[in-house]
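The structure appears below as structure tokens.
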Amino acid sequence: MAAVIVTDCKLYRYRIPLVCPLSLKSETYTARDGLILKLFDSEGNSGVGEIAPLPGYSRENLDQAEQQTGRLLRSLRDSRWESLRAIDDIDTLVSTVVQTSITDAAPSVEFGFVAALWTFLAARNGTPLFVGSTKEYVSINALLTGDEDTVLSRAANLREQGYTCFKLKVGGRTVDDDVRLVHQLRETLGDRCDLRLDANRAWGINDTLSFLKQVALCGIEHIEEPVATFDFLRELLNCGRPAVPIALDETLVEVGSVFQLEKLGPALDHVSALVIKPTLLGFGRAHQFVRLARERKIPIVISSSFEGPVGISFLAQMAAVANRLDVAAGLGTLDWFPPQCHLSGTECGRIDVRSVPGIEKLDQRWLSEVELGD
Ligand code: OSB
Ligand code: MG
């Protein structure tokens, strides 16, 4: 097999207008900005990856990501991609990437590079992206945000369309209002749908215990990140099995490694799911958390950071192989994007993973090529 696999690359900036405003931490956005990386060989094979730091969540901003990507591409071009030889499985890909400077890049940059390399290799070898994946579809949860009326009417509509898993953001109202909304939502959904909650670390221990007790009979699959700090989390999990199963999301980004997470000690036994966001963690660290979850038989929820269709379709492929059973992925965020960006199946609560759509999902007018220089 030839040692040099990539002969050319292109980098694009995109700005995709959103169909409804996206409120993140302190700001509201009407468009999503990011980068698309494309790799080519001389035989016409190509791979594509998305690099889209999320404002308020990623430590790197888009300008930094773009500069890092340009530097990496130039240094890899100089080494003529010698370090990236024939790679045929995910562990080899990860360990090969670790030998390059890609591994030191910001998480969103590393994730986009791995996706581009991985889709490139699959195209060149004519193999499916993740060999061993037998699923045709991955279920996704609908994300419910906004005021009570919006939440309840959207939930009813999406349930009609075929969604069977829903995730409600809590923590932005009083505890009493959140409790009431969860009960109303359960009534709207009936008892055949899965319902997840996400508090994004809104509460202290007392509010959390009070909330969990009051929704304990609502059949909640899990609640992400109820408490504000790692120490509170350990304390909560050490109170015994919580009234509602607990899932970790921000904690994984904060601790950054399996080693640090294991400092939860026996409290880790009371964690019911890991929500894994590869754009925020980087692919390598996401992969480590996937392995930990598999070892411990904890369900894995591969989740988005509001990537566009290129990023989401790669994440859906990851979700298809992460769990043995179908665990709904947190990939319902294309609802914020124009219909052209939607992936096949998303209209009824799942993503078709038999094909991996690429850059053709993006309108030319949203793209501008970045000059890479010498
Ligand atoms: O709080 O889980 C979150 C997206 C970006 C940043 C933070 C979060 C999210 C999501 C993604 O909720 C969608 C999902 O997990 O269903
Ligand atoms: Mg979350």
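Where a number appears in this text, it was derived from the coordinates with a stated rule and is not lab data. Just so it is clear, the model here is predicted, and its values are computed rather than measured. Reconstructed Cβ throughout: ideal geometry from the backbone, glycine too, with neighbour counts over all protein chains shown.
On the basis of being of a type in the set (Phe, Trp, Tyr) and free of Cβ contacts under 8 Å to residues at least 12 places away in the same chain, does PHE259 make the cut? Answer is yes for this residue.
Note on the stretch 200-211: residues that are outside any strand (DSSP E or B), buried (at least 21 other Cβ atoms within 10 Å of the Cβ) and of a type outside the set (Ser, Thr, Tyr) amount to 1. Taken as a whole, the structure leaves TYR29 outside the set of residues that are surrounded by fewer than 19 Cβ atoms within 10 Å (Cβ to Cβ), closer than 30 Å to ASP147 by Cβ and touching a helix residue (DSSP H, G or I) at 6+ places or on another chain (Cβ under 7 Å).
Of the helices (runs of 4 or more DSSP H) lying entirely inside the stretch 254-352, the ones with 2 or more residues being within 15 Å of ligand 1 (Cβ to nearest atom) are found at 278-281, 283-295, 309-322.
Among the residues making up the stretch 164-198, those that are among the hydrophobic types (A, V, I, L, M, F, W, C) and touching a Lys or Arg at 6+ places or on another chain (Cβ under 8 Å) are CYS165, PHE166, LEU168, LEU181, LEU189, CYS193, LEU195, LEU197. Look through the stretch 212-230, keep the residues that are over 25 Å from the mean Cα position of the chain (by Cα) and surrounded by fewer than 16 Cβ atoms within 10 Å (Cβ to Cβ), and return whichever of them is farthest from ligand 2 (Cβ to nearest atom). Result: LEU217. Looking at the stretch 25-47, can you tell me whether even one residue there is within 16 Å of ligand 2 (Cβ to nearest atom) and out of contact with any Gly (no Cβ under 6 Å at 6 or more places or on another chain)? Looking for residues that are within 16 Å of ligand 2 (Cβ to nearest atom) and out of contact with any Gly (no Cβ under 6 Å at 6 or more places or on another chain), one finds none in the stretch 25-47, hence no. Looking across the stretch 122-157, the residues that are in contact with a Gly (Cβ under 7 Å, 6 or more places away or on another chain) and either assigned to a strand (DSSP E or B) or farther than 25 Å from TRP336 by Cβ (or both) come down to ALA123, TYR137, SER139, ILE140, ALA142, LEU143.
Okay, residues lined up against (1) of a type in the set (Ser, Thr, Tyr); (2) surrounded by fewer than 24 Cβ atoms within 10 Å (Cβ to Cβ):
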site	(1), (2)
GLY330	no, no
SER344	yes, yes
ARG354	no, yes
LEU367	no, yes
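ASP178: part of a helix (DSSP H, G or I), acidic (Asp, Glu) and within 21 Å of GLY332 (Cβ to Cβ), yes or no? It is true that ASP178 is part of a helix (DSSP H, G or I), acidic (Asp, Glu) and within 21 Å of GLY332 (Cβ to Cβ).
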